[in-house]
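The values are calculated or read from the model by the stated rules, or taken from the named source; none is laboratory data. No experiment lies behind these values; they were computed from the predicted model shown. Glycine also receives a Cβ, built like all others from the backbone with ideal geometry; neighbour counts cover every protein chain displayed. Ligands, DNA and RNA are excluded from the accessible area calculation, which covers all protein heavy atoms including side chains. Shrake-Rupley method; radii C 1.70, N 1.55, O 1.52, S 1.80 Å.
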Amino acid sequence: GVYLLVVPPESFGGADLAWALVAGVLVSFARPLLYLGRAKGPIVVFAPVFALFSVAVPVLVGPFVGESLAGLEIVGIVLALPAVVMVSSEDRVPRPREAVRSPAFALAVLVGTILGLIALTFSAIDTSAGAGPAFVSQAVGIVGVPLAARTFGRVARLSRGMVSWGAGVGMIEIVAVIANVAAFQRGSAAVVAAVLGLTPVVSIVLAWRVLAEPIHRIQVVGSALGVVSILLFSLAS
């Protein structure tokens with residue numbers, strides 16, 4: 001809200017509002033399901049599958065809603081798909097049979113599909129709407145996330161530590177959400193989703209340097225593919 005007062009949108013029409021409301025509803029379900037899936041695990045199945053579907057949905061649906069990809073972008077997507085899976089994996093990529101039989105598989109597909117639909121929803125909003133869609137979607141989430149979480153029966157009591165850490169995460173996320181919406185408004189949903197799928201690289205590097213956690217070879221290879229894919233996206237634009 002403060003950001004909107006400083007940088008108001010040029011225009012925010014009815015269609016933009018409708019898409020932002022849809023995004024807010026999708027976000028409300030995606031958040032609790034994402035954390036629930038990570039908690040239930042196994043993470044070696046859940047993380048790569050949901051990451052793959054979050055990228056695959058905009059790639060597959062994009063052409064049907066008027067989003068075409070340039071030659072270099074197509075190559076970048078082809079590299080990004082395995083990169084996202086490898087970066088999201090721990091010490092190995094799950095075998096297809098293992099993934100399909102896992103109890104986390106269906107939940108991972110659902111979460112990834114919802115995240116992919118969120119990408120397409122934000123990309124349908126005009127750039128003139130500015131950060132308006134971010135404000136609306138987060139406002140819906142304030143009500144929607146607790147309701148969805150209660151539906152799944154996973155709501156913990158608030159502690160002092162949870163509130164302080166949650167507030168810190170929330171402040172960081174405000175910047176991320178505004179940047180996220182701006183990126184989808186200006187670029188292809190498939191390309192932006194592919195770049196977002198590579199965000200675990202940041203967590204991996206921080207865990208490696210700050211927490212002294214080991215980095216697995218497969219994650220290094222995935223990170224390298226991700227760098228190449230982002231360079232291709234940059235050249236295409």
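For (1) closer than 24 Å to Lys40 by Cβ; (2) of a type outside the set (A, V, I, L, M); (3) surrounded by fewer than 19 Cβ atoms within 10 Å (Cβ to Cβ); (4) touching a residue at least 12 places away in the same chain (Cβ under 8 Å), each residue gets a yes or a no:
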position	(1), (2), (3), (4)
Trp165	yes, yes, yes, no
Gln185	no, yes, no, yes
Leu206	no, no, yes, no
Arg209	no, yes, yes, no
Leu232	no, no, no, yes
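Please enumerate the residues belonging to region 125-135 that are open to solvent by less than 50 Å² (accessible area, probe 1.4 Å) and hydrophobic (A, V, I, L, M, F, W, C).
Those that are open to solvent by less than 50 Å² (accessible area, probe 1.4 Å) and hydrophobic (A, V, I, L, M, F, W, C): Ile125, Ala129, Ala131, Ala134.
Out of (1) more than 15 Å from Val191 (Cα to Cα); (2) surrounded by 13 or more Cβ atoms within 10 Å (Cβ to Cβ), the odd one out for Ile142 is which?
Ile142 satisfies all of (1) more than 15 Å from Val191 (Cα to Cα); (2) surrounded by 13 or more Cβ atoms within 10 Å (Cβ to Cβ) except (2).
Only one residue in Leu21, Leu33, Leu79, Leu72 is open to solvent by less than 20 Å² (accessible area, probe 1.4 Å), of a type outside the set (Gly, Ala, Ser) and not in a loop (DSSP other than H, G, I, E, B), so which one is that?
Details: Leu21 fails: open to solvent by less than 20 Å² (accessible area, probe 1.4 Å); Leu79 fails: open to solvent by less than 20 Å² (accessible area, probe 1.4 Å); Leu72 fails: open to solvent by less than 20 Å² (accessible area, probe 1.4 Å).
Going through Leu21, Leu33, Leu79, Leu72 in turn, the sole match is Leu33.
The rows are residues; the columns are (1) without any contact (Cβ under 8 Å) to a residue 40 or more places away in the chain; (2) of a type in the set (Gly, Ala, Ser).
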| position | (1), (2) |
| --- | --- |
| Leu60 | yes, no |
| Pro63 | yes, no |
| Glu73 | no, no |
| Gly132 | no, yes |
| Val140 | no, no |
| Gly144 | no, yes |
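With the requirement that a residue be within 28 Å of Phe184 (Cβ to Cβ) and β-branched (Val, Ile, Thr), what does region 94-126 give you?
Val109, Val111, Thr113, Ile114, Ile118, Thr121, Ile125 - these are the residues of region 94-126 that are within 28 Å of Phe184 (Cβ to Cβ) and β-branched (Val, Ile, Thr).
Contact list please: Cβ distance under 9 Å, first residue in region 187-201 and over 23 Å from Gly130 (Cα atoms), second residue assigned to a loop (DSSP other than H, G, I, E, B), pairs at least six apart or on different chains.
Close Cβ pairs satisfying both conditions: none exist.
Return the residue satisfying two criteria in turn: it lies in region 46-64 and is under 20 Å from Gly76 (Cβ atoms) and among the β-branched types (Val, Ile, Thr), and of such residues it is most open to solvent (accessible area, probe 1.4 Å).
Ranking the candidates gives Val61 first.
Looking at region 77-123 only, could you name the residues that are over 18 Å from the mean Cα position of the chain (by Cα) and of a type in the set (S, T, N, Q)?
The answer is Ser102, and nothing else.
Table: residues versus (1) surrounded by fewer than 22 Cβ atoms within 10 Å (Cβ to Cβ); (2) part of a helix (DSSP H, G or I); (3) in contact (Cβ under 8 Å) with a residue 12 or more places away in the chain; (4) among the hydrophobic types (A, V, I, L, M, F, W, C).
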{"residue": "Pro8", "(1), (2), (3), (4)": "yes, no, yes, no"}
{"residue": "Val25", "(1), (2), (3), (4)": "yes, yes, yes, yes"}
{"residue": "Val44", "(1), (2), (3), (4)": "yes, yes, yes, yes"}
{"residue": "Glu90", "(1), (2), (3), (4)": "yes, no, yes, no"}
{"residue": "Val100", "(1), (2), (3), (4)": "yes, yes, no, yes"}
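Considering each of Met171, Met162 in turn, give the residue that is of a type in the set (A, V, I, L, M) and closer than 24 Å to Ile118 by Cα.
Exactly one residue qualifies, and that residue is Met171.
Each row is one residue, and each column tells you yes or no for (1) surrounded by 12 or more Cβ atoms within 10 Å (Cβ to Cβ); (2) modelled with pLDDT under 90; (3) out of contact with any Leu (no Cβ under 6 Å at 6 or more places or on another chain); (4) farther than 26 Å from Val75 by Cα.
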| site | (1), (2), (3), (4) |
| --- | --- |
| Thr113 | yes, no, yes, no |
| Ser137 | yes, no, yes, yes |
| Ala156 | no, yes, yes, yes |
| Gly197 | yes, yes, yes, no |
| Gln219 | yes, yes, yes, no |
